[in-house]
1. So, of the residues in the range 358-389 that are of a type in the set (Val, Ile, Thr) and under 17 Å from Gly326 (Cβ atoms), which turns out to be surrounded by the most Cβ atoms within 10 Å (Cβ to Cβ)?
2. Please enumerate the residues belonging to the range 226-248 that are under 18 Å from Arg203 (Cβ atoms) and either in contact (Cβ under 8 Å) with a residue 40 or more places away in the chain or in contact with a Lys or Arg (Cβ under 8 Å, 6 or more places away or on another chain) (or both).
3. Can you pull out every residue in the range 248-286 that is among the hydrophobic types (A, V, I, L, M, F, W, C) and either within 18 Å of Gln438 (Cα to Cα) or more than 31 Å from the chain's Cα centre (by Cα) (or both)?
4. Kindly indicate which of Val194, Val189 is crowded, with 19+ Cβ neighbours inside 10 Å and over 22 Å from the mean Cα position of the chain (by Cα).
5. Report, ordered by the first and then the second residue, all pairs with beta carbons closer than 6 Å, sequence separation of six or more or different chains, a first member in the range 191-208 that is farther than 15 Å from Leu252 by Cα, and a second member that is assigned to a helix (DSSP H, G or I) and charged (D, E, K, R).
6. Restricting to the range 390-401, and then to whatever is touching a Leu at 6+ places or on another chain (Cβ under 9 Å) and surrounded by 13 or more Cβ atoms within 10 Å (Cβ to Cβ), can you tell me which residue is farthest from Gln325 (Cα to Cα)?
7. Taking the condition surrounded by 15 or more Cβ atoms within 10 Å (Cβ to Cβ) and under 15 Å from Ser391 (Cα atoms), does Gly333 pass?
8. Which numbered condition trips up Ala269, out of (1) more than 13 Å from Tyr398 (Cβ to Cβ); (2) aliphatic (A, V, I, L, M); (3) in the same structural domain as Glu336 (by TED's automatic domain parsing)?
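The values are calculated or read from the model by the stated rules, or taken from the named source; none is laboratory data. What you are looking at is a predicted structure, and each value in this text was computed from that prediction instead of being measured. So basically every Cβ, Gly included, is an ideal-geometry build from the backbone, and we count neighbours across all protein chains shown.
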Amino acid sequence: MQQIARSVARTFNNLPRPHRVMLGSLTVLTLAVAVWRPYVYHPNSVPLVKVIEPEKLESRSLLPEASEPIDQTTPEEDESLNLPQDELDDKTTGADGIHEYVVSTGDTLSSVLNQYGIDMSDISLLAQSDKELRNLKIGQQISWTLNADGELQQMVWEMSRRETRTYDRSGNGFKMSSETQQGDWVNSVLKGTVGGSFVASARSAGLTSNEVSSVIKAMQWQMDFRKLKKGDEFSVLMSREMLNGKREQSQLVGVRIRSGGKDYYAIRAEDGKFYDKSGSGLAKGFMRFPTVKQFRISSNFNPRRVNPVTGRVAPHKGVDFAMPQGTPVLAVGDGEVVTATRSGAAGYYIAIRHGRSYTTRYMHLKKLLVKPGQKVKRGERIALSGNTGRSTGPHLHYEVWINQQAVNPLTARLPRSEGLMGDDRRSYLAQVKEVVPQLRFD
């Protein structure tokens, strides 16, 4: 073996240098292949690297969902924005889900229902069921109910003191039914003195819940019924229809309230509205926009908006105006501040009650300039606009509520300060001379 090794070494040394390099490289490679052992993966062995499963990670985006309005509140957050209610709210509203409206100058079926977010398709189907719906008259009352999806379910039209028409959803349209009341209308004067509260005192004097509500609505621009004091007096003239000895319906003719030694009057005119003894309008006028100039609308009112991702209804209850931070925000009408605070997605926000039926809300503010309980006038500065809460850019979210229901601020029929003129005023003043003597306290 040694001789063989010496022979191989001698032969290797006698080779030219290039051949020796090549032969040495092949030898090293051969030895490496001979001793190499491949690594075999065993599933039961402990992994050297911890694998993180992506589906188990909580993904969070720094940007808001494009499909959701940026100032859309969750149900829990929206509860915190609800206005505080009192005895008048609890006991003078109609049945749950019933919305009432008295026809005024210039009203049409579509203009009334559309401002409350009812689809034009439903309004068109309703009009097809009765062509006379195109001829609404001032002073008539309509009421309606919606189903759980916000669709029109039923509408009632009180055409006159004697005839009422009801429209019920049936299949792909509405079915009309008519009821004629045959009774005698009798005027009744009900009077009393405020004790613990006006609602309780009025009920004790013989007024029904609906009649109490009509009194409060008629006088809402002149006084705050919650602040009436013990000993204040009231006298109410009601016209009631009696059928077979039972009261079928009623209508407020006039009311007089004496508070703090001062008399306040509200008397119904032929147009269905209430005026004072001289024929001047009682409603306080509203501005259409809560700013000095009109800004670009970045998001419209949409009460039936459906989230394309979740499929749930996520209504946008107001209008968004894009404006620079620090823009003065104005009260659109006379009223009382009921809320001025910060609340979740709304950021800094203000709610103002105007009379008993109207409320306005202003959200995403930068600075509040008023406090709860403060009285404000139309056009008064109440805040500076901002970008607080759930918001992607400077803007003002503005809402209008009528009878505790959000309406479109751009199309809602807002109160206007107006009085009677010409023949209408002369006719009204003649009526006042008949009504006022009946509103005695003795």
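1. My answer is Ile382.
2. Listed by number, the residues that qualify are Arg226, Asp232, Glu233, Phe234, Ser235, Val236, Leu237, Met238, Arg240, Arg247.
3. Leu252, Val253, Val255, Ile257, Ala266, Ile267, Ala269, Phe274
4. Step by step, each of Val194, Val189 is checked, and only Val194 is crowded, with 19+ Cβ neighbours inside 10 Å and over 22 Å from the mean Cα position of the chain (by Cα).
5. Ser197/Glu87; Val199/Glu87; Val199/Lys91
6. For the range 390-401, the residue satisfying everything is Trp401.
7. When the stated conditions are applied, Gly333 does not pass them.
8. Unmet for Ala269, out of (1) more than 13 Å from Tyr398 (Cβ to Cβ); (2) aliphatic (A, V, I, L, M); (3) in the same structural domain as Glu336 (by TED's automatic domain parsing): (3).
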